[in-house]
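Values in this text are rule-based calculations from the coordinates and carry no lab data. None of these values were measured; they are calculated from a predicted model. Positions of Cβ are backbone-derived with ideal geometry, glycine not excepted, and every protein chain shown enters the neighbour counts.
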Amino acid sequence: MRKYKALIFDIDGTAINSPSQKVPSERLVQAIRKLEEDYYACAATGRVWTFAEPVLKGLSLVDPCIISAGTQICNPVTGEIMWQCDIDEADLAATLAIAKKYPKYKVLYNDNDEDAYLNGGLDVANLQITEPVYFFELIFVPQEIAPQIVAELSKIDGVAVTLVVAQRAGFNDIHVTNRNATKEHAIAELLKILKIKQEDTIGVGDGHNDIHLFNAVKHKVAMGNAVDELKAASNEVIGLVTEDGFSEYIERLSDVRA
């Protein structure tokens, strides 16, 4: 049956309370399963495939999902990449030059698992990259330092720089992508794949990077734990992630549909 609406949602801070919660609640799984009778259900996350896979499969999602901060669209069942946008080589070189000014902060690029993020990272001073890069990030940068680095990186014309709430209190992650590869751009590509109009979309999120998500959808929903900027841009604010607020919202959507 043809579906005519899409629910596009963040993972961390929205679908799960990370890092303490590793998999979605059974309540959320059941809520999404019921909603999928009429809606496309698509995650849109900063997580790369290996890091996102347990949650995408835990939710039993079948519709295309946005991963790697908006640089890729994947099949959540197989991991097949359906769309990707790389960082230009010159822009990557400029990004690395700035990152090397802050050698105490670890970096990651392209695909990595949860352990690489939470307990690893790479030393930028000795970093040798020999493959195309679609996603680059500085991880666990103190909140008082992160805006300074963002300002420097933002001077590179060909990249988009997004400040993200890190999975440790008091820290931010900084995502660097092609300027045409944010959640906003990826959602535009996703809607082409789904053959859905923007007016038939709902977006749910909690972080700074979900401003890009909000720019691409019609109805904007902020979690109760969302950053103030996202709440200000939303059409409505729902419950906290710690109280399964996203599940409750989806259940209400299903009740209205019924």
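Data for the structure
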item	result
Ranking of E199, E114, E189, E229 by count of other Cβ atoms within 10 Å, fewest first	E199, E229, E114, E189
Additional length obtainable on full extension of the chain from A169 to K218, 0.36 nm per residue less Cα span	14.5 nm
Full-extension gain in nm, V29 to K195, via 0.36 nm per residue minus C-alpha separation	57.3 nm
Estimated vicinal HN-Hα couplings, Hz - segment 131-142 in sequence order (Karplus 6.51, -1.76, 1.60; Gly, Pro = x)	10, x, 10, 9, 9, 9, 8, 9, 10, 6, 8, x
Anchor K197: lysines whose Cα lies under 23 Å away (excluding residues fewer than 8 positions away in-chain)	K3, K5, K34, K183, K218, K220
Under Karplus coefficients 6.51, -1.76 and 1.60, residue-wise ³J(HN,Hα) of segment 150-160 in Hz, glycine/proline x	4, 4, 5, 5, 5, 6, 7, 4, x, 10, 9
Segment 87-103 - phi-based ³J(HN,Hα) in whole Hz, Karplus 6.51/-1.76/1.60, Gly and Pro as x	7, 4, 4, 5, 5, 5, 4, 5, 5, 5, 4, 6, 4, 5, 6, 10, x
Sites T78 and D228, calculated FRET efficiency, Cβ-Cβ separation with R0 30 Å, nearest 0.05	0.20
Inter-label distance, nm, simple model (7 Å from Cα along the C-beta direction), V237/S60	3.4
Residues whose placed amide H lies under 5 Å from that of W83, excluding near-sequence neighbours	I73
H185, H208, H175 arranged by Cβ crowding within 10 Å, fewest neighbours leading	H208, H185, H175
Counted charge near L28, where neighbours are those whose Cβ lies closer than 10 Å (Asp, Glu -1; Lys, Arg +1)	-2
Order of C42, C74 under a 10 Å beta carbon neighbour criterion, fewest first	C74, C42
Per-pair calculated FRET efficiency, R0 = 35 Å: N180 and E37 via Cβ, rounded to 0.05	0.55
Matching label, semi-axes √(5λ) of the Cα gyration tensor in Å computed from the structure shown, candidates (1) 40, 26, 13; (2) 30, 19, 17; (3) 28, 23, 17	(2)
